[in-house]
Each structure stands twice: as C-alpha cells, then as structure tokens.
C-alpha cells in the first residue's frame, strides 16, 4: 500500500539530510506504528508519505514514494490527498474554521471536491457513525474537547475515502481521555479497511493497536518488528525513545534472575498480566 | 511552487486583471470627482449625492480589486489572512481601550502585504472592514477602501525593499498614511459629516472654524493622525518580520522573489536561533 | 463561541434568504443617499426598519447596539456642524463667541438621518443573519470560496485570539506589570506582550494550511454545498423590485431637477 524506496530529504536552504536512505513497506489494512525521539524526522516522514513534501515544503527529495499505486512526486497535491490523508498534532489547527457545525465541517472536503449533496449527506452520516460522533454533529467544532476535535479531524479525513491515513502524533496535545478516544477509533478504522500509519510516543497504546512498529533514528528507519518485540527492544533507550514501566520492571526482574533469561518482555499491562500470573503461581508453588 | 496554483485559463487571468484595473480606475475616479468635480459642498442636495458616490465608488472599486486579487492567492496565503484580520481587529480594539492616540488597526494588513504581496494585502484589507462591520460597527464598511489602499501601498513598499532597513519602514508608513488620509477624507466628509468620533470630530470642527471646507477639514484631520499611525504600524511589522522564523518567511514566494526582508536583517540573531540550520 | 452579533431566533426576518436581506439593505442605503431629503430617511425608518425589527424580535438588541454607535456620532455631528458649518449664516442662538446656525443644524439633520438608516439597517441584517448562511448564500451565487473561508474562519478565530491575548496580559500583570503611565511607556509595554501572541498565531498558519490542503481546499472542482439555502419565487421577485426601486431613487432627483 505504501512503498518508500531509498528516500532522502533535506529542507530548502539546508545542507543536511533530515532523512537518508529510508525504506518502508506497508501492507494494506494494517496498522503501522513509527516511533522516534523528538527531532528524529517523524513529521518530515509523515509529510513525505502524504505528499506535502515536496509539493508544499519544497526541498530536496530523492528516492521513490508510491502510495496506493500513485507515485506521489508525479501527481498534484490535490490528487495525492485523494490517496492518503494526514492527521496532525493540533486538533485546533485542523478545524477548517469555515464551518459552524460539525456536520458541515465533515462535509468541507467533499464540498471542495464538488460531491453531490445526497452523497455528502450519506457519507457524513456513515463516517459519524463509524467514529461514534453522531451526537456531536450539530455542535460547533470549537466547542468540543481536544479528543472530540481530533475525532472530527480524523472523520474529516476518512470521509474523503482515502485508503491510507497517516497520523502524526495525533494524541500529543490531548489529555488521557482524549488519547483513549483516538486510539479506540483506530480499530474501527482498521475494520473499515483503512491502512494506518501512526507516528506516536505512547508506547503502551501503540503496542495494543499496531501490528508492526518501525523505529526512526539516525535519519533512518533503523529497525522494525512486531509491536511487542520491537517496543520491548532494549536498544530503544539508546535511540532516545525509552521503554514502558512494564518493560522496565520486567527487565529489572530478569536481571535479578526472577524471570527466565529468554522471557519475552511485556510492553503494556495486557502483556504483563500473564507474566505476573505465571510469576505469582511460581512463587506460590 | 505550490501545487495549489491552479494555473487558471488565460481568459480567467485576463478577467482578473480587468477587475483590478477597473477597480483601481473607479477608486481614483471617485476621489477625483469628489475633490475636483465638487468644488462646493454647501448645497445639501449635491452633498448627499456625493455621499452616495463616495460609498458606491469606493465600495464597488474595493470589491472589484478584491475579486481580482483573491484568485492569485495560494492556500498558504489564504490560511494566513484570517490570522492577520484577527490581529488587525484585536489589536485595534485593545489599543482603543488602552487609550493610545493611534489606531494600530492595520498591522495584519501590512504584515500580509510584506509576506505575500499587494494582492494578499488587498484581500486582508477589505475583509478586515467587512468583519469589523459584522462584529462591531457598520460604520467601518464604507472605509473598506482605506485598508485596501494600505494593503496595496505596503505591498509595493515591500517590493521596493522598504522593509529591509528598519529606518526606511516608518518613512514608507508615513507615505502610506498620507495617501490613506486623503482617500478616507471624502467618506468622513460626505457620509459622516466629519463626525466619526469625539476627538476627531472636534478637530474637524476646529479646522472648519478656521474657514476650511468640510472636505479640507477631514483631510487635514486625517493628515494629523494617519501618517504617524502608519509609521508606527510599519515599524512594528519590521519587528514582527525579524522575529518570525526564517523558515516561515521563506515559505512565501513573494518574500523570496523580491527579497523583501533582505539578507542582512537587523535582528538576524532571532532568526538563526529559531532555525539554526538555515544559512543566513 | 463566535464573535458575531447574530441573535439566534426563528422569525420570518431571520429565515429570509440572506441575499434578499443584503439587497434590501443596499437598496435602502442607495435610496436614502440618492434622495437628499431627511424625511425620506425618516419614512424608511418608520415604515421599513422599525416594523422589520419588531417582527424579528431582535428590536431590543438593535436599539441598544445602535444607540451605542449612533449617540456619540450624532452628538458630535450636531455640535460641530451647528457651530462650525462653513455655509452657516443664519444665527439662531448666540452665547458669547459661540453661535449656532440653522444651516448647520439642517445639514446635521440631513447627514444624521442617513447615518441612522445606514447603522440601523446594517445592524438589523447582522443581527438576523447567521454569517455561515450569508457565506453559503453568496457562495451559491458565485462568490469565491476563499472569501467565504476567510470570513467564517476569522469570525471563529477572534475569540481564540482574545483568549490568548487575555492570558498573556494576565500573566504579565501577575508579574507586577502595570499598564499605566504615558502613552509612550504603554506602547513600550504592549510590544513585548504582543509578540508571543502574534508569532504563535502566525506559525500556526503552516499547520492550518496543511490541514486545509489535505481536505482539497486547493481543488479546482466546482464546489457543492451540504446544506441548501432556502429561497422562494416571492423573494426572487422582491429582489428585482428592490433593485428597480434603488435605480429609480438614483434617477428621481435628476428627473425632478432637485440637483
């Protein structure tokens, strides 16, 4: 669904590459997580996949970027956004401002494309149901919580029927409740057949929702693997990403020989529960 | 180049040029007619007609200019205009509350003109007054043309490099203020009879008492405040430009093409601090 | 959540097509300026503006808001023109060196009546028309979607902008900064207050334009609207009648030789 081959990029008027020789393949219908320290180029990579680089930011881009069968550099931005949607950090900045109700806000992109009124109305209803925001349709987009606004932003994207959705740290400006809301809709999106690429700091939640995780460090996608194995990898510390408290606790337990040497480390609470059960049972016996 | 530049058909480009040309001609003709063609503003009947001509000529001219200009704006500029208008209005109101004897209600317009050119300034200018009319007072609507003039003048001042040196900006501002005072005077005179506010009204009265005509009095009143106001506004804009990250500035083709800010910026340390990798 | 003066009610006036109201406003303004008789403005106020305001149910707010704008202007107008009108010869009241002329007062009456109509009629439009509906209606008639975007977006941005300005101001005052002293000193205090506000808003623009592009704002397709703007044949006919009336008003003084 996404195929990046040997992609390098430098911003205009700079002489250093933010990304160099990046390769990425994403299968359709999967949720891909990408983790990386601040400044590792996450936003840059998100913009490359979604076509804003090179179409808006300019700069020097080499290698090939193919999304949903379209070579992004060769099509216009208007066409690129029909293949891949982008959700950014700030919920506030994603509200168009041009509309006074959520219902119209959702339809904004479709109006721009000139979609017929009846079809728009149907798609608004369907998308609102998928994301569970039907109750917000008549509210002002500015009168919503951050999490709700982010759901509206996601809905405004997927209503465009883009098969791929890139999310650039969609929860970094949200409270825990809002973060939960956003991660919860990811499963609905995957069930709807949308391919997701999520740039995220929250390792525990990523573990629960991503199928595969890539690590962005030293201007490259330096490692990848199934979410549990990758997110528990001790090298994440070195790359400035850190580890969850469950991984850290289990690693400490392993160091003290409380866990077997080849035990798979947990990332989230869900991973950890069986481990703790087994450990407690052993202790009890 | 942004992909949103829609490369419209040539006919559309020609149409927009005609709008801009006709709009400009109407505005200039309106002013000349009111100043040269109406030597006496004593007869009440012709005076009222002058009010109609002032509003109609200026409003139609400003709308034509804005319609011709808006098609040239890429999305990045369109997204900036609301921020600029909000800046005009919020600062304008804040200043009037604090009681400084200037308006400072065109910082956003001048800033947009400097970043994105006269066309963007025109759109920001006219819509500032439309929104002022929608939110505060309809008195602002007939004056829309004044902000349009400020946008155009600031845009061309930017092209001429007046924002490159911080002591040239107030000069350009004063000239802009001079023109905007002249353009706004017929509105103040023929539509509002000189009474647009307490302080300004008293000054108009004083000039009339000295034997000036109403139009001359509103013109003189404008010349007392506008050049100073715009000189301050242009200076503030230079300071804002210096403080904006250079990467942000470089996003605007107008800024790059005319080297609006110059390479030797007065407050370069701010720019380099914000974007250390950008060569300066 | 928005800064507009829109007074949300369900009256007939509120439900009119916004373009009808806009054309009515323009026609009224043209008529009162074209026919230089103060009582024409008076008749329009009594026969059109006041009944419309009463029907709309927004009359009270209209009165309050308009008086706040009009009172200072009218006061200054009558005082200044009564005293200093250049064509004033007939002195009707004298006290020391101050004399009020009847020409000056008549002039003020003429100008003042037109300003009253201008303010009342525009305010009524603003009070009874949601800006979103006005934008949809104008877009339907071919106005560039960029205008609609800028106007709607600014209206919703201003409250957010004010909140930021207030929080910055409060933070500075909490640090013991007072906004007193000479105007020059106040400007010197204002500038550093403004810069974080302004820079923050402008650097946000990059994200906003990204989000708009991602939703095909740059598309060249012919746009459609989710919600249609209600209209009727009666309104369509009235709009043309209003246009004809306005043109007739422009011609009247010329025909009657009032000029």
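The values are calculated or read from the model by the stated rules, or taken from the named source; none is laboratory data. In this text the structure is predicted, and so the values were computed from the model without any measurement. We place every Cβ from the backbone using ideal geometry, glycine too, and count neighbours over all the protein chains shown.
Only one residue in B:150, B:100, B:131, B:187 is modelled with pLDDT under 90 and in contact with a helix residue (DSSP H, G or I) (Cβ under 6 Å, 6 or more places away or on another chain), so which one is that?
Result: B:100 is the single residue among B:150, B:100, B:131, B:187 that is modelled with pLDDT under 90 and in contact with a helix residue (DSSP H, G or I) (Cβ under 6 Å, 6 or more places away or on another chain).
Are any residues in region C:212-241 out of contact with any helix residue (DSSP H, G or I) (no Cβ under 6 Å at 6 or more places or on another chain), more than 14 Å from chain B (Cβ to nearest Cβ) and part of a loop (DSSP other than H, G, I, E, B), and if so, which ones?
C:227, C:228, C:230, C:231, C:232
Would you pick out the residues in region B:56-89 that are surrounded by fewer than 22 Cβ atoms within 10 Å (Cβ to Cβ), without any contact (Cβ under 8 Å) to a residue 60 or more places away in the chain and farther than 20 Å from residue B:183 by Cβ?
B:72
Being out of contact with any strand residue (DSSP E or B) (no Cβ under 6 Å at 6 or more places or on another chain), more than 29 Å from residue C:120 (Cα to Cα) and in a helix (DSSP H, G or I): is that true of residue B:78 here?
Judged against the criteria, residue B:78 is a match.
For residue B:199, only one of the following conditions fails: (1) more than 18 Å from residue B:88 (Cβ to Cβ); (2) surrounded by 20 or more Cβ atoms within 10 Å (Cβ to Cβ); (3) at the interface with another protein chain (Cβ under 10 Å from one of its Cβ atoms). What is its number?
Every listed condition holds for residue B:199 apart from (2).
Can you pull out every residue in region B:55-66 that is facing another protein chain (nearest Cβ under 9 Å) and over 12 Å from residue B:148 (Cβ atoms)?
Selection gives B:55, B:56.
Within region A:193-204, can you find the residues that are over 14 Å from residue A:37 (Cα atoms) and in contact with a strand residue (DSSP E or B) (Cβ under 9 Å, 6 or more places away or on another chain)?
Matches in region A:193-204: A:194, A:195, A:196, A:197, A:198.
Residue-wise test of (1) more than 16 Å from the chain's Cα centre (by Cα); (2) modelled with pLDDT under 90.
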{"site": "A:73", "(1), (2)": "yes, yes"}
{"site": "A:98", "(1), (2)": "yes, yes"}
{"site": "A:103", "(1), (2)": "yes, no"}
{"site": "A:114", "(1), (2)": "yes, no"}
{"site": "A:134", "(1), (2)": "yes, no"}
{"site": "A:142", "(1), (2)": "yes, yes"}
{"site": "A:150", "(1), (2)": "no, no"}
{"site": "A:164", "(1), (2)": "no, no"}
{"site": "A:186", "(1), (2)": "no, no"}
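Which number in (1) over 28 Å from the mean Cα position of the chain (by Cα); (2) part of a loop (DSSP other than H, G, I, E, B) marks the one condition that residue A:254 misses?
Unmet condition: (2).
Mind listing just one residue for me: the one in region A:227-251 that is out of contact with any strand residue (DSSP E or B) (no Cβ under 6 Å at 6 or more places or on another chain) and not in a helix (DSSP H, G or I) and, of those, farthest from residue A:25 (Cα to Cα)?
Looking at residues that are out of contact with any strand residue (DSSP E or B) (no Cβ under 6 Å at 6 or more places or on another chain) and not in a helix (DSSP H, G or I), I get A:244.
Let me confirm something: among C:73, C:35, which residue is over 11 Å from residue C:124 (Cα atoms) and under 19 Å from the mean Cα position of the chain (by Cα)?
C:73
With C:128, C:84 as the choices, which residue is more than 27 Å from residue C:53 (Cβ to Cβ), outside the structural domain of residue C:208 (by TED's automatic domain parsing), crowded, with 22+ Cβ neighbours inside 10 Å and in contact with a helix residue (DSSP H, G or I) (Cβ under 7 Å, 6 or more places away or on another chain)?
Answer to the check: C:84.
Hey, any hits in region C:190-202 for a residue that's modelled with pLDDT of 85 or more, within 7 Å of chain B (Cβ to nearest Cβ) and closer than 24 Å to residue A:57 by Cα?
No: zero hits.
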